[in-house]
1. Run down Lys71, Lys79 and say which single residue is under 25 Å from Pro20 (Cα atoms) and within 11 Å of the chain's Cα centre (by Cα).
2. Give region 62-99 a look and list any residue that's assigned to a loop (DSSP other than H, G, I, E, B) and surrounded by 13 or more Cβ atoms within 10 Å (Cβ to Cβ), or say none.
3. Would you mention how many residues in region 8-17 are modelled with pLDDT under 85, touching a strand residue (DSSP E or B) at 6+ places or on another chain (Cβ under 7 Å) and not in a loop (DSSP other than H, G, I, E, B)?
4. Restricted to region 45-68, and to residues that are farther than 17 Å from Phe21 by Cα and among the polar types (S, T, N, Q), which residue is modelled with the lowest pLDDT?
5. Mind listing just one residue for me: the one in region 31-48 that is touching a helix residue (DSSP H, G or I) at 6+ places or on another chain (Cβ under 9 Å) and touching a residue at least 24 places away in the same chain (Cβ under 8 Å) and, of those, farthest from Leu60 (Cα to Cα)?
6. What pairs can you find where one residue is in region 74-93 and in contact (Cβ under 8 Å) with a residue 40 or more places away in the chain, the other is among the small types (Gly, Ala, Ser), and their Cβ atoms are less than 9 Å apart, with a gap of 6+ or different chains?
Amino acid sequence: MILDDYPEYSTQGTREIECPFCKTKLKALYHPSMLQFHVSRISAKTARVPYRSPEKYEILVNKCPNCDKSKREIENALKHGKELPNEEVLKRLKEAGLDPTKLK
């Protein structure tokens, strides 16, 4: 059984992180990446299969005091990264020597 909860010993206390939108300092709990085991059993054998849990930041405030982004938006931006605007994507394509009009 794989659990989504982290053991208490995996929390390394609070850290100051930057808001991905406005670079304001926010307090967050940091859960580092850990090696955990999943146990699978059949009638003849038991196997421990290792898997690595991803690192996670748990924001302690409900919203950013500077840009008013919600806790969920900040956590998603930290986990998945911010989406670039179209102008930035076009600029990077041109710098790489690609013609954005010919791409499918």
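1. On the way: Lys71 fails: within 11 Å of the chain's Cα centre (by Cα).
One residue alone meets the criteria, Lys79.
2. Looking only at region 62-99, we keep the residues that are assigned to a loop (DSSP other than H, G, I, E, B), and these are 62, 64-69, 81-85, 96-99.
Listed by number, the residues that qualify are Cys64, Asn66, Cys67, Lys69.
3. So the count comes out to 4.
4. The first filter runs over region 45-68 and keeps only residues farther than 17 Å from Phe21 by Cα, leaving 45-56.
Filter once more, keeping what is among the polar types (S, T, N, Q): 46, 53.
Numbers: Thr46: 86, Ser53: 82.
Per the stated criteria, the residue is Ser53.
5. Met34
6. Qualifying pairs under 9 Å: Ile74/Ala28; Leu78/Ala28.
The values are calculated or read from the model by the stated rules, or taken from the named source; none is laboratory data. Please read all numbers here as calculations on a predicted model, not as lab measurements. All Cβ positions, glycine included, derive from the backbone under ideal geometry; neighbour counts span all protein chains shown.
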